[in-house]
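See below for the structure under consideration.
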Amino acid sequence: NPRPNIEPCPGDAPKRQDPIKGHITFVDVTFAFPSEPQKQVLFGLSFEAAPGEKVAFVGATGCGKSTAIQLIQRFYNQSSGELLLDSIPICEWDVHYLRRQTSVVAQESVLFSTTIRENIVYGLPKVERDAITNDDVERACRQANAWEFVSTFPRKLETFCGERGVKLSGGQKQRLAVARAIIRKPRITLLDEATSALDSKSEEVVQAALDCMIRENAAGCTLVIAH
């Protein structure tokens, strides 16, 4: 079997798991997808996002905004240049640890066929999941402007969302995705056009929730992709 470039293999030396400040630096980063090496996506991208800072990516469709965010999530390695986290090459950090410190709210949020509570705490380590109380989940829902509709359901947090969240509207799903991001207390927050699929009224509510989340997340950095 070929060795993975990013995911750890059994027997690999342990990688860095220090506290993350959330300082991201791209230095002259180029990138082409491994499946299409001829088609370059990023050309010498350099920028910095300091802890406590909110940085927006704005640009035409297909210019590489989401690709840059995928490099931070460690889905790919950059082709050349440096990608640093807290002044250390990102490849030196333990990839699972890094992803646990990162919250992503994408354009289309995936909810699972389980309860609202399970969907919000999904992906947290078991020890943390077991320690989270219903009050903690309710607080995250309130910050995400989601409690208003969750509290109208007879079973509240124990309400089943249906396959891919089919029982909820687009705006409701996005607000639960924000609550899921908030409860992780992330050091790196990545918002990939998180409101672009919503109508203007839902967008306003979700945007207010995102702004609240960014204010609370003063310790880390936030990257926002917007049109």
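Residues checked against (1) of a type in the set (Gly, Ala, Ser); (2) at negative phi:
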| site | (1), (2) |
| --- | --- |
| Gly52 | yes, no |
| Gly62 | yes, no |
| Lys65 | no, yes |
| Leu83 | no, yes |
| Asp86 | no, no |
| Cys91 | no, yes |
| Tyr97 | no, yes |
| Tyr122 | no, yes |
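Taken over segment 191-209, the criterion of being more than 14 Å from Ala146 (Cα to Cα), hydrophobic (A, V, I, L, M, F, W, C) and either open to solvent by less than 40 Å² (accessible area, probe 1.4 Å) or touching a Cys at 6+ places or on another chain (Cβ under 7 Å) (or both) is satisfied by Leu191, Ala194, Leu198. Each residue in segment 2-55 was checked for being assigned to a strand (DSSP E or B), free of Cβ contacts under 8 Å to residues at least 60 places away in the same chain, open to solvent by 40 Å² or more (accessible area, probe 1.4 Å) and farther than 30 Å from Cys212 by Cβ, and 5 pass. Condition first: touching an Asp or Glu at 6+ places or on another chain (Cβ under 6 Å) and either in a loop (DSSP other than H, G, I, E, B) or polar (S, T, N, Q) (or both). Can you find one or more residues in segment 98-106 that meet it? Scanning segment 98-106, I find at least one residue that is touching an Asp or Glu at 6+ places or on another chain (Cβ under 6 Å) and either in a loop (DSSP other than H, G, I, E, B) or polar (S, T, N, Q) (or both), so the answer is yes.
When residues in segment 56-94 are screened for being surrounded by fewer than 19 Cβ atoms within 10 Å (Cβ to Cβ), touching a residue at least 40 places away in the same chain (Cβ under 8 Å) and either in contact with a Cys (Cβ under 8 Å, 6 or more places away or on another chain) or assigned to a loop (DSSP other than H, G, I, E, B) (or both), 8 of them pass. What tally of residues in segment 145-181 results from selecting those that are outside any helix (DSSP H, G or I), open to solvent by 30 Å² or more (accessible area, probe 1.4 Å) and more than 12 Å from Arg117 (Cβ to Cβ)? The total comes to 7.
The values are calculated or read from the model by the stated rules, or taken from the named source; none is laboratory data. Given the structure is predicted, the values throughout are model-derived calculations rather than measurements. Note that each Cβ is placed from the backbone with ideal geometry, even for glycine, and that neighbours are counted across all protein chains shown. Quick note on the areas: whole protein, heavy atoms, side chains included, nothing else; ligands and nucleic acids left out. Shrake-Rupley method; radii C 1.70, N 1.55, O 1.52, S 1.80 Å.
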